[in-house]
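Let me begin by presenting the structure, written as structure tokens, before commenting on it.
The values are calculated or read from the model by the stated rules, or taken from the named source; none is laboratory data. Not measured: the values here are computed from a predicted model. Every residue, glycine as well, gets a Cβ built from its backbone with ideal geometry; the counts of neighbours run over all protein chains shown.
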Amino acid sequence: MSSTSDTDVRVRLYCDFVRDGRAPSADQLAARMQLSVAEIHEAWERLAAGKAIVLQPESREILMANPLSAVATPYLVRWEERYFFASCVWDGLGIIAMLKVDAAVESSCGCCGEALTIAIREGVPVPQDGVIHFAIPAKRWWQNIVFT
């Protein structure tokens, strides 16, 4: 076993995810970190148990490295010429906060389908009409984080 910690694996996961705009596979991360794929999967399982990341149920590859989503969702964060998917509007705002950039979350109204954009400039939302609604209280999100 290497001396690489789960924190090292998590930090590299996030750095690669942001740099590439997509989650690295276990194979890619293992090669970049000079670890075995088994060591990456073991670290990911521990991180998932600690609710630091979410793994896909079958492949055990990354599903979410919150606030980033490895799969397409209705919450698109646009930053300059780059984009990231978020699992919800809260995570979309989290991506912008994590990157410390001016960006926007693009989505649609859950009721009528109208396009919606929440822009953040200098760390502050640009004023507009609308309400962000969370159907599930935050204290229950991890009961089923994928559904939430």
| remark: For region 16-45 the number of residues that are in contact (Cβ under 8 Å) with a residue 40 or more places away in the chain, surrounded by 14 or more Cβ atoms within 10 Å (Cβ to Cβ) and not aromatic (Phe, Trp, Tyr) is 3
| remark: By residue number, the members of region 1-53 that are closer than 24 Å to Gln143 by Cβ and either in a loop (DSSP other than H, G, I, E, B) or at pLDDT below 95 (or both) are Ala23, Gly50, Lys51, Ala52, Ile53
| request: Output the residues belonging to region 74-100 that are surrounded by fewer than 16 Cβ atoms within 10 Å (Cβ to Cβ) and either assigned to a loop (DSSP other than H, G, I, E, B) or in contact with a His (Cβ under 9 Å, 6 or more places away or on another chain) (or both). | output: Pro74, Glu80, Glu81, Lys100
| query | Of the residues Ser108, Ser59, Ser69, which single one is in contact with an Asp or Glu (Cβ under 9 Å, 6 or more places away or on another chain), under 30 Å from Ala135 (Cα atoms), without any contact (Cβ under 8 Å) to a residue 24 or more places away in the chain and not aliphatic (A, V, I, L, M)? | reply | Ser69
